[in-house]
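Structure, as structure tokens:
The values are calculated or read from the model by the stated rules, or taken from the named source; none is laboratory data. Remember, it's a predicted structure, so these values are computed and weren't measured experimentally. Positions of Cβ are generated from backbone atoms using ideal geometry, with glycine treated the same way; all protein chains shown enter the neighbour counts. When the accessible area is computed, the model is the full protein with side chains, heavy atoms only, and any ligands, DNA or RNA have been set aside. Shrake-Rupley method; radii C 1.70, N 1.55, O 1.52, S 1.80 Å.
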Amino acid sequence: MSETKKTKKTENDTSEKRQKSKKKENKEKFVEELPEEISNSEDEEKDSEVKVDQVGYLEVKRKDGKWKPHFCILIGGSFYWYKSNQDIQPDGGINLKGSKIKKLDGDSKKKWILEISNGDKTFVGAFGAAQELDPWINVLTKNSKFESTPPPEKEKGKKQGRMEAAKKKIAGKASTTGIGKSVIKKVINDETAALLISIRKIVKKEANAKKADELEKNIIKLAVKAYLLIDRNKLKGDDFLIADGPLRAAFELLIKCFNGRGRVEPKILSDAFKRVEGMLKKAETVITNLLAPHLTPKNMFRISSTFGYLANAEFLEKVFKDTTLEEELEKLIDAMEYYTQFHY
């Protein structure tokens, strides 16, 4: 081998080592700077044989003025909400025919609010992201022409024992210590850390630091919970491969959108982002169905609010057009390329 080739090979090896070292440093810093709060809890949901038009988690305003996450179901001409998705009987319900469905002005804490009123019954619920509200209003309005439908039948799940509840409480506390940090290090590899860092910076620029912190925390908590469920043999790693198909397809299309900027018509890009939104929604559905039997409504609400914000065509298009985000967008695309090449 010539001296020139040897020198070039040495330079390439050194550069690769630097990149790996940098990724490792970024991951270590990322993990150490995480908020000291990871919790773990479970509940259970059984699928219904009756066709359900829409499901999701909303924070419902109770009579005492407090907001609590509820599992909500739209079926035919009726809308039902449950305290948890293991409950057999709904906490409340309202017929849509003849009802008024509208958005309410929110405040700094609850920004995206839905109100359904029919006679003396009123439902008020808040979404975690603006992008979730309109689709719900559309399908609710569409179903308001239907007659009332009884709630789906559910099989009664087993009650959680006190000992199991105590173990979960201990697990939640332990995860705020070094044990929790070690779990996070197992769940989040160098590329995932880089992806989360980029997402955080992008959301901070497009929204604010509070929203960026919220989404980052949601993603980490859900990833850790999924890891713990697999570790305890309550789920299999292969179960999540069902979500891999639409997720991989979404990433591959986003990579094409990134590479095609400036060379294709804006309308084509807009249509592509809408397709990406659909793919990510499919992945969300799979993840929701997998985790629903094991998580509380509060944690399921994290899934819908996170996907609702990030898996949105308008948000994606805005980010891809923002030239000030070019560096972070490149890093995000790099992480997606890594996923599509090496994750199976």
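Taking 0.36 nm per residue of sequence separation and subtracting the Cα-Cα distance, how much length would be gained by fully extending the chain between residue 253 and residue 100, in nm to one decimal?
My answer for the length gained is 51.2 nm.
Where Rh denotes the Kirkwood radius from the mean inverse Cα pair distance, what is Rg over Rh for the range 192-285?
Across the range 192-285, the Cα-based Rg/Rh ratio is 1.04.
Any idea how far apart residue 232 and residue 52 come out in nm if each label point goes 7 Å out from Cα toward Cβ?
It works out to 2.2 nm between the two label points.
Once label points are set 7 Å from the Cα along Cα→Cβ at both residue 134 and residue 117, what is their separation, rounded to one decimal in nm?
Distance between label points: 2.5 nm.
Quick one, can you get me the convex hull of the C-alpha atoms of the range 75-119 expressed as volume per residue in Å³?
Per residue, the Cα convex hull of the range 75-119 comes to 100 Å³.
Mind giving me the nanometre distance, one decimal, between the label points for residue 263 and residue 208, set 7 Å out from Cα along Cα→Cβ?
4.0
Residue 258: net charge of surrounding residues, Cβ under 15 Å, Lys/Arg +1, Asp/Glu -1, itself excluded?
-2
How high is the FRET efficiency from residue 298 to residue 324, r the C-beta distance, R0 30 Å, rounded to 0.05?
Result of the calculation: an efficiency of 0.30.
Before anything else, pin down the relative contact order of the range 52-137: Cα pairs under 8 Å, at least 6 apart, normalised by residue count, whole percent.
Relative contact order comes out at 22 percent.
Using the beta-carbon distance between residue 141 and residue 274 and R0 = 22 Å, what value does 1/(1 + (r/R0)^6) give for FRET efficiency, to the nearest 0.05?
0.60
If you add up the charges near residue 100, with Lys and Arg at +1 and Asp and Glu at -1, over every other residue whose beta carbon is less than 12 angstrom from its beta carbon, what do you get?
So the environment of residue 100 carries a net charge of +3.
On average, how much accessible surface per residue is there in the range 181-324, in Å², for a 1.4 Å probe, leaving out ligands, DNA and RNA?
On a per-residue basis, 47 Å².
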